[in-house]
Amino acid sequence: MEPIFYPKLISTFKKGYSRDQFTRDLMAGAIVGVVALPLAIAFAIASGVSPEKGLITAIVAGFLISVLGGSRVQIGGPTGAFVVIVAGIIANYGMDGLIISTIMAGIMMIVFGLLRLGAVIKFVPYPLTVGFTSGIALLIFVSQIKDFLGLTTAELPADFSSKMNVLLSALHTVHWPAVLLGLGSVLVTIYWKKVSSKIPGSLIALIIGASLIAFGAVDVETIGSKFGEIPNRINLPGMPVLTWDLIVMHIGPAFTIALLGSIESLLSAVVADGMIGGRHRSNTELIAQGIANIGSGLFGGIPATGAIARTATNVKNGGRTPVAGIVHVIVLLIIMLFAGKWAGLIPLSVLAGILMVVAYNMSEWRSFVSILRGSRYDALVLLTTFILTVVVDLTVAIQVGMVLAALLFMKRMSDVSEVKPLVGSLEEEHDDVAMVNLKLPANCSVYEITGPMFFGVANKFKELTHNIPDRSNIVIIRMRRVPMIDATGLHNFKEMLHDFKHKHKQILLSGVNDSVASELKRAGIYELVGKENIFAQFDDAVQKVISQN
């Protein structure tokens, strides 16, 4: 069995690390560091915190994820998925509340990894993921309208409808220089890749915008005018005073951060595996992500996870080991220490344009439309999660979405589970023996159970006891297509058998698989039915009935 925690960095050096690969990692890490700079700043500001918080997160969490992670090429840091969560926590609990939630989320992620839940977390329903991701994208887009248009308003409220009302009422204050810069930022971010695929368009947009401010060519709100100069240092770690009431209060937000961070980091790792032909260690990755979030919280940062776009950039530029991620952190640290003051010149409308492009890219609108055209159950999960993300909050959306998806899954399983009678001449062409054609005695009924026997099909057992003819004193129950049985299924099945016994009917079971058989034995059903009445093959059960008649 694979160890729970075994960082890929250790594997890298054990297998041997060449100078040629170091050169490629160095180049890839430098490029990713440049790509991460505008995103770290933009995500921090969009989340409602000062820009250096984003840089601190990218540096501290990015370093820990690269050093301790279970993926060779994962790049960690702040992402768009957390913008809405962080903004909500800041609005409700303040910065101390965010730090507590982030650290608690980190502890939860470590527990996920220690419990080997890495494989389980990947099974979050796709419609739910698309629903909350699209909802987050819409909220990010709307949150940037104020800076994109240069509107003069107070701080936007957290509530979506109130936010829209404030924006609509302030449209008469549009500042056209800000609009032009924002549009230019969008166009450069989208189309710069046609000029160069190495340097990100978002960085070019920042440089152009900051240059215009530096030369006094335009007068718009900047990072410096709103937040002051970005500090060129990272403070020592600290922790707010904790009480039991505070811990209980922050369990909900912390769990949302932990679940979303786990999903996104493992999704990013899977994408990276496909690009490099590798295989990440899910549980190691979860533990590393947890440690990274604890570290980020202690240093005053925001939640972090694996970033798909930055990870893909790393791979495309030759990064193949965690060294590239470490280099990307060093590049960001150098920029923060020696060039942070220049970041104060960046116009907020330029950042808003970059984030609008990010929101569009993460909206997954094609998948959204595709799911709507598919199963009505999937569409219901999608729309419920999307609407709740937008109008309530992400925590509620994920909780309700997961419960709804589980209920609908049980409904589907209940629909495919059947307890049906088999009458007349029986053609048996699916058993291990050759096809048989058997005429059963009139006093024998045959029923076949198909699908999982769980609490969702309890009523079908009750129907069976009422539908068996009085003349049938022998009942054969075929179970070859029963893959599993849960406690409720066992309870109801046992009640049904007791009812048959009370009516003096002989029960024969056939085709029980090993896993179901072990559950039946533990529940005492073998003793209730009698071991001599349990058969591996259906025709053996039929032969016994014929011999008795």
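The values are calculated or read from the model by the stated rules, or taken from the named source; none is laboratory data. Nothing here was measured: the structure is a model prediction, and the numbers come from that model. We place every Cβ from the backbone using ideal geometry, glycine too, and count neighbours over all the protein chains shown.
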Worksheet item: Given the conditions (1) surrounded by fewer than 23 Cβ atoms within 10 Å (Cβ to Cβ); (2) at pLDDT 95 or above; (3) under 30 Å from Gly94 (Cβ atoms); (4) of a type outside the set (Asp, Glu), and given that Ala292 satisfies all but one, which numbered condition is not satisfied?
Response: (1)
Discussion item. Of a type outside the set (S, T, N, Q), farther than 26 Å from Ala292 by Cα, out of contact with any strand residue (DSSP E or B) (no Cβ under 7 Å at 6 or more places or on another chain) and surrounded by 13 or more Cβ atoms within 10 Å (Cβ to Cβ): which single residue out of Leu212, Leu246 fits that description?
Written reply: Leu212
Discussion item. If the requirement is being modelled with pLDDT of 85 or more and either closer than 17 Å to Met413 by Cα or in a helix (DSSP H, G or I) (or both), which of these qualifies: Ser515, Ser472, Ser445?
Written reply: Ser515
Worksheet item: Looking at segment 13-47, which of its residues are assigned to a helix (DSSP H, G or I), farther than 25 Å from Phe148 by Cα and not aliphatic (A, V, I, L, M)?
Response: Phe13, Lys14, Lys15, Arg19, Asp20, Gln21, Phe22, Thr23, Arg24, Asp25, Gly29, Gly33
Worksheet item: Across segment 482-508, what is the number of residues that are surrounded by fewer than 16 Cβ atoms within 10 Å (Cβ to Cβ), closer than 18 Å to Val416 by Cα and modelled with pLDDT under 90?
Response: 2
Worksheet item: When you scan segment 146-172, how many residues do you find that are touching a residue at least 24 places away in the same chain (Cβ under 8 Å) and in a helix (DSSP H, G or I)?
Response: 7
Worksheet entry | From the options Leu298, Leu372, Leu345, residue that is within 30 Å of Ile213 (Cα to Cα) and surrounded by fewer than 23 Cβ atoms within 10 Å (Cβ to Cβ) | Leu345
Fill in: Count - residues of segment 386-395 that are more than 15 Å from the chain's Cα centre (by Cα) and either farther than 20 Å from Glu364 by Cα or part of a helix (DSSP H, G or I) (or both)
5
Worksheet item: Does Asp273 satisfy the criteria of being in a helix (DSSP H, G or I) and free of Cβ contacts under 8 Å to residues at least 12 places away in the same chain?
Response: no
Worksheet entry | Arg310 being outside any helix (DSSP H, G or I) and over 20 Å from Asn232 (Cα atoms) | no
Fill in: Failed condition for Gly150, given (1) on the phi < 0 side of the Ramachandran plot; (2) surrounded by 14 or more Cβ atoms within 10 Å (Cβ to Cβ)
(1)
Discussion item. So for segment 73-80 (the condition being closer than 27 Å to Tyr360 by Cβ, surrounded by 20 or more Cβ atoms within 10 Å (Cβ to Cβ) and modelled with pLDDT under 95), does at least one residue qualify?
Written reply: yes
